[in-house]
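Visitor: Sharing a structure here in structure tokens format.
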């Protein structure tokens with residue numbers, strides 16, 4: 001352990017470790033180290049520079065020379081021979097043990113050089129960092145997964161006030177207008193259906209011995225023909241269809257592992273006439289273009305005089321499929337019909353989190369928000385909404401805020417209070433989430449669910465979540481028909497008068513502790529319990545997780561508890577059974 005010196009004194013220990021591994025210091029404005037590492041039968045001369053003694057940033061590592069027999073493009077090696085050798089995600093570079101951390105870095109360099117020298121490993125690594133070798137000319141955004149897309153060029157003004165040109169590929173109409181509004185875009189109103197999106201079943205294969213990346217449409221098509229012939233045929237047919245109408249078609253190639261990449265090519269005016277004689281028959285039983293015809297089309301498109309410009313596109317995927325499924329371990333909430341009752345301190349954050357998990361997306365997806373309250377100054381300290389929404393309906397404002405922050409339009413509606421007389425509407429949903437924190441309403445909701453089940457009518461799953469113990473605990477219950485209902489969480493208190501109830505899972509160790517933590521603040525007509533926004537977020541996170549799991553093969557525990565104070569009992573998450581004497585759901589047990 002490095003007890004004798006501070007982190008600022010790490011450099012001599014780092015230098016000593018490198019020297020022990022055969023590296024020599026190189027004089028200069030900043031010290032660097034040169035040495036040799038042998039991997040895969042090759043001697044790699046490397047330079048290590050820009051060493052940060054605290055390891056807050058990684059040292060930069062360069063190959064002084066590429067070994068003679070390693071020709072062509074190499075994975076993890078940038079144009080200036082800089083080596084990309086370590087992803088720090090999940091790796092702890094301990095500043096208190098500089099020698100050991102230096103060995104971690106050297107091991108990472110060795111492992112990377114081993115991959116560089118292994119031809120079989122190369123293509124796997126190329127696929128993972130394909131964009132690093134694509135060297136795109138233009139930044140673009142993709143909001144759709146449809147096979148045909150509309151391109152729109154606009155001017156985006158960033159927070160620094162500097163305008164930049166961007167391109168977005170959308171399904172047109174509402175999706176295009178939503179994106180342009182989201183990006184505060186200035187555009188001339190012109191958009192063109194000049195883009196084809198082509199799915200690639202395999203990862204793009206980089207030919208390390210060939211010139212890379214493609215410099216023109218001929219390079220692109222010839223590369224595809226050699227290594228992805230089926231994709232090349234799709235590209236030819238797409239260009240044939242688009243180039244007859246538009247002079248600057250775009251192709252986007254969607255890959256499973258490396259993400260999308262694209263090109264834009266501007267053809268000469270004569271191309272429309274030259275391609276006019278060829279037609280793609282899409283009707284069943286009709287012959288497609290012959291190999292000879294495809295060859296002729298390829299020659300026309302690849303001729304040096306056919307194209308006037310060629311650009312490689314950096315495609316940033318912001319589509320529903322990418323945004324809502326990338327970070328989830330369970331299926332997203334796409335195409336689910338979900339209702340949130342209560343858009344208060346928990347409901348606002350929960351609505352936002354559920355939308356980020358896909359609620360309101362898909363052709364059948366719908367997210368409905370119910371709340372008849374308005375946002376008041378007292379809500380600002382722990383609500384999703386800010387001062388710009390003061391005295392607006394909480395449900396309307398939550399909807400508006402969510403729509404301002406989604407990459408694609410979502411199906412989300414807002415309504416006023418859902419009264420007990422309207423509860424029959426819950427049968428229209430896949431999942432109803434009660435975030436009112438109102439025990440009376442929650443019991444009425446539980447009763448309506450029992451009535452639907454008794455009548456063998458369509459009944460949703462019901463998820464309750466609330467802040468309990470005067471702000472010192474968060475709890476949630478999923479009623480999917482297999483266990484306890486909401487009313488089952490209260491049981492008779494035999495030590496008190498008839499009809500008295502107590503918590504099935506006690507929150508406080510004693511009545512004295514309960515009195516100590518009772519902090520209801522009274523204000524005429526507006527009593528409230530003080531607790532921070534962090535508590536609201538904890539409950540909202542519980543809602544998101546349980547909602548996702550409720551549609552998965554592993555729904556997890558139906559009752560969950562989180563304590564926010566040492567004085568609150570630590571209740572284990574569980575799957576509570578129905579209480580036989582429950583006045584609400586006992587009817588289902590007979």
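Coordinate-derived values only; no laboratory data. Note that the coordinates shown come from a computational prediction; the quantities given were computed from them, not determined experimentally. Positions of Cβ are backbone-derived with ideal geometry, glycine not excepted, and every protein chain shown enters the neighbour counts.
Visitor: Return an integer: the convex hull volume of the alpha-carbon atoms of the chain, in Å³ per residue. Working shown, then result.
Guide: Details: hull volume 146.1 nm³, N = 590.
It is 248 Å³ per residue.
Visitor: Now, a different point. Can you figure out the FRET efficiency of residue 566 with residue 107, using R₀ = 41 Å and their beta-carbon distance, to the nearest 0.05?
Guide: Numbers: r = 42 Å, r/R0 = 1.03.
With R0 = 41 Å, the Cβ-Cβ based efficiency is 0.45.
Visitor: Also, quick follow-up: If I take R0 = 30 Å and measure r between the Cβ atoms of residue 226 and residue 65 in this structure, what FRET efficiency does the formula 1/(1 + (r/R0)^6) give, to the nearest 0.05? Mind dumping the intermediate values first?
Guide: Numbers: r = 30 Å, r/R0 = 0.99.
With R0 = 30 Å, the Cβ-Cβ based efficiency is 0.50.
Visitor: Which percentage, to the nearest 5, of the DSSP beta bridges contained in the chain is antiparallel?
Guide: Once the DSSP bridges in the chain are tallied, antiparallel ones form about 65 percent.
Visitor: Quick one: of the DSSP bridges fully inside the range 328-589, what percent are antiparallel, nearest 5?
Guide: Working: 19 of 36 bridges.
Close to 55 percent.
Visitor: I need the calculated FRET efficiency for the pair residue 413 and residue 575, taking r as the beta carbon distance and R₀ as 35 Å, to the nearest 0.05. Numbers along the way, then the final one.
Guide: On the way: r = 33 Å, r/R0 = 0.95.
Here the calculated transfer efficiency is 0.60.
Visitor: Then there's this: What angle, in degrees between 0 and 90 and rounded to the nearest 10, separates the Cα long axis of helix 439-454 from the longest principal axis of the Cα atoms of the chain?
Guide: 80 degrees
Visitor: Would you list 79, 298 from fewest to most Cβ contacts within 10 Å? Provide the component values of the computation, followed by the final result.
Guide: Values: 79 8, 298 19.
Fewest-to-most Cβ neighbours within 10 Å comes out as 79, 298.
Visitor: Here's another thing I want to ask about it. Any chance you could list the semi-axes, whole Å, largest first, of the equivalent ellipsoid that the Cα gyration tensor gives for the range 133-318, using √(5λ)? Provide the component values of the computation, followed by the final result.
Guide: Working: eigenvalues 159, 74, 53 Å².
They are 28, 19, 16 Å, listed from largest to smallest.
Visitor: Working out 0.36 nm times the residue gap between residue 497 and residue 438, then minus their Cα-Cα distance, what length gain in nm do you get to one decimal? Kindly include the intermediate steps, with their values, before the conclusion.
Guide: On the way: separation 59, 0.36 × 59 = 21.24 nm, distance 2.37 nm.
Contour length minus the Cα-Cα distance gives 18.9 nm.
Visitor: Of the DSSP beta bridges with both residues in the range 133-318, give the percent that are antiparallel, rounding to the nearest 5.
Guide: Working: 23 of 37 bridges.
Of all bridge pairs located within the range 133-318, approximately 60 percent are antiparallel.
Visitor: Separate question: Determine the gain in length on full extension of the stretch residue 552-residue 165; use 0.36 nm per residue of separation and subtract their C-alpha separation, reporting nm with one decimal.
Guide: Working: separation 387, 0.36 × 387 = 139.32 nm, distance 4.20 nm.
Taking 0.36 nm per residue and subtracting the Cα distance, the gain is 135.1 nm.
Visitor: What ranking of 104, 91 emerges when the number of other C-beta atoms within 10 Å of each C-beta is taken as an exposure proxy, fewest first?
Guide: Details: 104 15, 91 12.
Arranged by neighbour count, lowest to highest, 104, 91 become 91, 104.
Visitor: Between residue 328 and residue 94, how many nm apart are label points set 7 Å from Cα along the C-beta direction?
Guide: Taking the two extended label points, one gets 3.9 nm.
Visitor: Within a 10 angstrom radius of the beta carbon, how do 488, 440 rank from fewest other beta carbons to most? Walk me through the intermediate numbers first.
Guide: On the way: 488 24, 440 9.
In increasing order of surrounding Cβ atoms, one gets 440, 488.
Visitor: On a 0 to 90 degree scale, rounded to 10, what angle separates helix 345-356 from the longest Cα axis of the chain?
Guide: Tilt of helix 345-356: around 30 degrees.
Visitor: Counting helices only, and only those DSSP H runs with n ≥ 4, report the 222 nm mean residue ellipticity of the chain as the sum of -39,500 (n - 2.57) divided by its residues, in deg cm²/dmol to the nearest 500. Spell out each step's value before the answer.
Guide: On the way: 15 runs with 166 residues, N = 590.
After summing the helix terms and dividing by residue count, I get -8500 deg cm²/dmol.
Visitor: Report relative contact order for the range 133-318 in percent, whole number only (criteria: Cα-Cα under 8 Å, sequence separation at least 6).
Guide: Working: 320 pairs, mean separation 49.2, N = 186.
Relative CO of the range 133-318 lands at 26 percent.
Visitor: Still on this structure, I have one more. Over the chain, what is the relative contact order in percent, taking alpha-carbon pairs closer than 8 angstrom and at least six residues apart? List each step's numbers first, then the result.
Guide: Values: 1060 pairs, mean separation 52.6, N = 590.
The normalised contact order for the chain reaches 9 percent.
Visitor: For the range 7-117, what class follows from the C-alpha gyration tensor (a ≥ b ≥ c being the square roots of its eigenvalues): rounded when a/c is under 1.5, otherwise prolate if a/b is larger than b/c, else oblate? Numbers along the way, then the final one.
Guide: Numbers: a/c = 1.90, a/b = 1.53, b/c = 1.24.
Prolate is the answer for the range 7-117, as a/c is 1.5 or above and a/b outweighs b/c.
Visitor: Let me ask something additional. Between rounded, prolate and oblate, where does the range 328-589 land on the alpha carbon gyration tensor, with a ≥ b ≥ c its root eigenvalues, rounded for a/c under 1.5, else prolate if a/b exceeds b/c? Let's see the in-between values first.
Guide: Numbers: a/c = 1.62, a/b = 1.16, b/c = 1.40.
Oblate, because a/c is 1.5 or more while a/b does not exceed b/c.
Visitor: With the crude spin-label approximation of a point 7 Å out along Cα→Cβ, what separation in nm comes out for residue 420 versus residue 201?
Guide: Between residue 420 and residue 201, the label points sit 6.0 nm apart.
Visitor: Related question: In Å and from the alpha-carbon atoms only, list the Rg and Dmax of the range 463-590.
Guide: Looking at the range 463-590, its Cα Rg and Dmax stand at 15.9, 48 Å.
Visitor: Right, here's the next one. Angle, helix 394-403 long axis vs. longest principal axis of the chain, Cα atoms, 0 to 90°, nearest 10?
Guide: Taking Cα atoms only, the helix is inclined about 10 degrees.
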